[in-house]
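**Q** Okay, handing you the structure first.
The values are calculated or read from the model by the stated rules, or taken from the named source; none is laboratory data. Bear in mind the structure is a predicted one, so any value in this text is a computation, not a measurement. As a convention, Cβ positions derive from the backbone with ideal geometry for all residues, glycine included, and neighbour counts pool all protein chains shown. The protein model used for the area step is the full one, side chains on, heavy atoms only, and it has no ligands, DNA or RNA in it. Shrake-Rupley method; radii C 1.70, N 1.55, O 1.52, S 1.80 Å.
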Amino acid sequence: MAGKVILEVTRGPLKGRSFSFEEHDTFVFGRGWECHARLAETDPTASRLHFLLEINPPEARIRDLGSLNGTYINGVKYGGRHPSETPQEAASRGFPEVSIRDRDQIQVGDTVFSVKVETPAVCSYCGTDIADSMKADSRFVEGKYTCPVCLDKEAGGARLSEIQAFTCRRCGKNLLIEDNAPVSSDLLCASCRKEMESNPIQELLKALAAKFQRSGKVGKTDIPGYEIMGKIGPGGMGAVYLARRNSDGTSVAVKVMLSKVKVYDDAREVFKREIDVTLRLTHPNIVSLLDHGSADNLFYFIMEYCEGGSVQALMEQRGGKLSIEEARPIIFQALDGLCYAHAQGFVHRDLNPKNILITAKEGGIAKIADLGLAKNFQQSGLSGMTVTGVALGNPNLMPREQLLNFKHVKPVSDVWGISATLYNMLTGEIPYHVEVGLSVIDAVFEGKVIPIRDRIPSFPSELARVIDKGIAVKVEERFQSAAEFRDALQGVM
C-alpha cells in the first residue's frame, strides 16, 4: 500500500476519536451536518464548513473553507475572515492549500488533531521500495531502512552516503539536491514530468519497449497489436490517439493516462481488477472498452473510436450551445446508456459534454465515454490530489455531495451530472453561480445553483422545471434515478 494517514483528536469535545485513511478520500470538519467530524451546532469556535482535508496516502493537503476563526497548522494561522465578511468575501482573498506532514497539529478552537503518516518501507539511500518479503534482509535503524542491495554495496566497501538517494527514475538526477524541494511521490523531476505530460504516447511506447526487453522479448514501437496513427486531442483525463488494429484494420481510440503519483504494485492490481470488470459493459450508448494495459506509471486504454467527436466539440461548432431539437436525441441516448450502467452497479462520476461522444460526423448516435475510468483512477490513488488540486472530474458540472462523500458517490450524483450536462448543452453555461474571485470548488461547496430560466428567460417553463429539479443541490429534492429523470424529460421534450 502507498501508506496510511491517521487523524487522532487529542483535545477538545471530540477527544479520543480517530480517523484512518488508506485510500484517496476527503475529510470535512465543522458544525454542519455534512461534516465527517462535527462539533455541536452551538460551538462558536468552528464554522459550519471549516476546513477540507484531502488525503491520498501518504500525502494530505488541507484547505480552510473561509472559516471565521481560521485553521491553525502547528500554531500558524491559515484562512480566517473578518467578522463583517461573508465566507465568499473572505475566500475571494484566497486561502492557501497546505501540505500536511507526519506529527503536524491541526487546531480549530479547542479541538486539536494530531496527524500520523505511515509510509511504505523505502530505502533511505537509493529510494527503492522494500517489500515485506525483503524486510528481513534489510536493516532498520533509527527509523531508516537500508535495502539488501545497498547493504551489499556497503559490504563491498561503498560509502552509502555517496549513493544518490531518490533519483529521478527517468533521467537519474538527484531530486533532493537538484530540485531543492520535497521529493515528488512519483519520483520524477519537474523537467521529466513536463516532457512525459507533453507527449505521453511516446513515453508509453518507450516504457513498453523497455518492458518487452526486460522480459526477453523484442522491443515494440507500438502498442502490441495496434499501430498509432496520430493524436486526436486531449481527453477528460489524458491524451487520446487514433490507432489501427493490425488484425482487421479497425480504427480505435487509445487513451493514455499518466499517474500523478508513484505506482505501487497493489494499487496497479486494484486498478486492473476494477477495469477488467468495466470490459464486460456492453450497451449501444456506452463507448466500448476493448483492452487496457500499463507500463511504468503510464496506463493505456483501447476504446471504440467515435468519429463524430465529443458533444463539447459539437457545441463549439454551433457557437457554444445546442438547440433543444439537436440536444434531444443526444441526451436520451446518453440517459439510456447511463440507466444501463447504473443497473450494472456503475457510477460515472464525471459526466459532461466532453464525455459524451458521437459515433459519426452526421447522423451518429451518442455514447457515454470513460465509464469507470475516473472513479477507478481516483480511488486507486493514481490521480494524485484531485480536490484541493481542483481536478476532480469536471468541477463545473459536479454535485456538491461528491466533494463531501468522495469515496461513496451514488447513482443519484450522476443524475445531477447528466442534468447539469443538459443545462450546459442548452445554455452554454454551468449551473453554479461563481462569484468574482472565487473558484468553482468554492461555488460547489456553497451550492448556489442558478435556475435555467435565469440564464434564458424565454426557456420553456416545463422543461426548465425538470432540469432545475435534476440539479437540485439537496439530494432528496432531485430525481432519484436516471430512469426517473429520463421519464420526466420525455413528458416535456
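**Q** Please work out the Cα center distance from region 358-386 to region 39-64, rounded to the nearest Å.
**A** 30 Å
**Q** Another question about this same structure. Just the number, please: percent antiparallel of the DSSP beta bridges in region 1-134, rounded to the nearest 5.
**A** Numbers: 35 of 37 bridges.
Counting DSSP beta bridges with both partners in region 1-134, the antiparallel share is about 95 percent.
**Q** Compute the length gained on full extension between ARG103 and LYS77: take 0.36 nm times their separation in residues and subtract their Cα-Cα distance, giving the result in nm to one decimal.
**A** Between ARG103 and LYS77, full extension yields 7.6 nm more.
**Q** Report, for region 256-376, the % of DSSP beta bridges that are antiparallel, rounded to 5.
**A** Working: 14 of 15 bridges.
About 95 percent, rounded to the nearest 5.
**Q** If you roll a 1.4 Å probe over the heavy atoms of the protein chains, what accessible area per residue do you get for region 370-493, in Å²?
**A** Details: 4350 Å² over 124 residues.
Here the residues of region 370-493 average 35 Å² of exposed surface.
**Q** Still on this structure, please answer the following. Can you give me the distance in nm between label points at GLU142 and LYS15, each placed 7 Å from the Cα along the Cα-to-Cβ direction?
**A** Distance between label points: 3.5 nm.
**Q** If you take the Cα atoms of the chain, find Rg, then find the Kirkwood Rh from the mean of 1/r over all pairs, what is Rg/Rh? Intermediate values should be presented prior to the final figure.
**A** On the way: Rg = 24.6 Å, Rh = 24.7 Å.
On the Cα set of the chain, Rg over Rh gives 0.99.
**Q** Could you sort the peptides 4-12, 440-448 by per-residue average Cβ neighbour count (10 Å cutoff), highest mean leading?
**A** On the way: 4-12: 18.1, 440-448: 20.0.
Ranking the peptides 4-12, 440-448 by packing returns 440-448, 4-12.
**Q** Also, quick follow-up: Can you run phi through the Karplus equation (6.51, -1.76, 1.60; θ = phi - 60°) for region 25-30 and list ³J(HN,Hα) in whole Hz, with x for Gly and Pro?
**A** Values per residue, Gly and Pro as x: 7, 10, 9, 10, 10, x Hz.
**Q** What's the ranking of 64-77, 449-462 by average number of surrounding C-beta atoms within 10 Å, highest first? Spell out each step's value before the answer.
**A** Details: 64-77: 18.7, 449-462: 14.6.
Ranking the peptides 64-77, 449-462 by packing returns 64-77, 449-462.
**Q** Given 0.36 nm per residue, what is the gain on full extension from GLN480 to LYS211 after removing their alpha carbon distance, in nm? Let's see the in-between values first.
**A** Working: separation 269, 0.36 × 269 = 96.84 nm, distance 4.66 nm.
Residue separation times 0.36 nm, minus the Cα-Cα distance, leaves 92.2 nm.
**Q** Related question: Looking at the square roots a ≥ b ≥ c of the eigenvalues of the Cα gyration tensor of region 394-459, which shape do they give, rounded for a/c under 1.5, prolate if a/b is larger than b/c, or oblate? If you can, show how the numbers build up before the last one.
**A** Numbers: a/c = 2.49, a/b = 1.33, b/c = 1.87.
It comes out oblate by the Cα gyration axes.
**Q** Also, quick follow-up: At R0 = 25 Å, how high is the FRET efficiency between SER458 and GLU326 if r is their beta carbon distance? Nearest 0.05 is fine.
**A** Values: r = 17 Å, r/R0 = 0.70.
According to the calculation, E is roughly 0.90.
**Q** Could you work out the helix-only [θ] at 222 nm for the chain, with each DSSP H run of four or more residues adding -39,500 (n - 2.57) and the total divided by the number of residues, to the nearest 500 deg cm²/dmol? Working shown, then result.
**A** Working: 16 runs with 147 residues, N = 493.
Computed mean residue ellipticity for the chain: -8500 deg cm²/dmol.
**Q** While we're here: Among 14-20, 468-474, 122-128, 379-385, what's the highest-first ranking by average C-beta atoms within 10 angstrom per residue?
**A** So the peptides 14-20, 468-474, 122-128, 379-385, ranked by packing, come out 379-385, 122-128, 468-474, 14-20.
**Q** Only residues of region 5-46 count here: report those whose backbone N is under 17 Å from the spot 7 Å along Cα→Cβ of VAL277, or say none.
**A** 23-24
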